[in-house]
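The values are calculated or read from the model by the stated rules, or taken from the named source; none is laboratory data. Note that the structure is predicted; figures quoted are calculated from it, not measured. We place every Cβ from the backbone using ideal geometry, glycine too, and count neighbours over all the protein chains shown. Quick note on the areas: whole protein, heavy atoms, side chains included, nothing else; ligands and nucleic acids left out. Shrake-Rupley method; radii C 1.70, N 1.55, O 1.52, S 1.80 Å.
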Amino acid sequence: MSRNPDEAEPAHGAAASAPVSFEAHMLALLPSLRRYSRSLTRSDSEGEDLLQDCVEKALSSRAQWRGVNFKSWLYRIMTNLHLNRRRTLRRHPSVGIEEAEAMTAGGPGDPLEMKRLSLALEALPADARAVLMLVAVEGYGYREVAEMLEIPIGTVMSRLSRARQMLREQLAEENVIHLRRPR
C-alpha cells in the first residue's frame, strides 16, 4: 500500500522528521509517468504535453486525493486526460508535424528491429498497449494495473495476453522473406 505523501518518511539523521511533501512524492514518480505518457501518445512531444497536463491537474486537484495509493491516482489522471484528448481528436481531427516523423526508441540495438517493434506496438489497440507498457515496461503487477486503470484484474490479464499474441504474430509475419525461384 502506498504511503501518504504528507506523512513523515522514515530516514536516518536530522532529516528523519521532515515530512515528504505532495510535490516531492510526485517528483519521484515523474520518470515512470513520463514513460507511460510517451507509450500512450507514441510521441515525445505529445507525451511531454500529457505529462505536464497530468502534473498540472494533480496539483490543482490535490484536495480531491483521498490519501490512498498516490501512484494509482496519478496514473488514472493521466489515462483519463489521454482518453479525453483522443475523443476530442476523433471529433475534431487534425494532423500534426510530429505524426510525420518516425518514432524511435533511442537506445542500443538494431535500428531496423527497433522500428519493427515500434510499428508493432503502434498497431496495438490503445487499451492493450497501455496494459502491456505498465506490466512489461514499468514492471507493475496485475493488481496494481487493475487499480490504476480501474478495470478488473481479469481484464488486465486478457488485454496483456492479447497484446503479447498480437505482437508475436505481427513480428513473426515481418520475419518472412519471400524469395523468387531461380529460372
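Details
- Packing, taken as the mean count of other beta carbons within 10 Å per residue, orders the peptides 123-134, 159-170 from highest to lowest as 123-134, 159-170.
- With DNA, RNA and ligands ignored, accessible area of Val137 (1.4 Å probe; Å², nearest 10): 80 Å²
- Net charge of Cβ neighbours under 15 Å - reference Arg143; Lys, Arg +1; Asp, Glu -1: -1
- Rg/Rh for region 41-95 (Cα atoms only, Rh after Kirkwood) is 1.03.
- Label sites at Leu83 and Phe22, each approximated as a point 7 angstrom past Cα along Cα to Cβ, lie 2.4 nm apart.
- Efficiency of FRET from Cβ geometry, Lys115 and Arg91, R₀ 41 Å, rounded to 0.05: 0.85
- Chain lengthening between Thr155 and Gln52 when straightened (0.36 nm per residue, less Cα-Cα): 34.2 nm
- Added length on full extension, which subtracts the Cα-Cα distance from 0.36 nm per residue, Val137 to Gln170: 10.0 nm
- Neighbour net charge for Glu56 - beta-carbon separation under 12 angstrom, K R +1, D E -1: 0
- In a simple Cβ point-charge model (Lys, Arg +1; Asp, Glu -1; nothing else charged), region 27-97 has a dipole of about 360 debye relative to its Cα centre.
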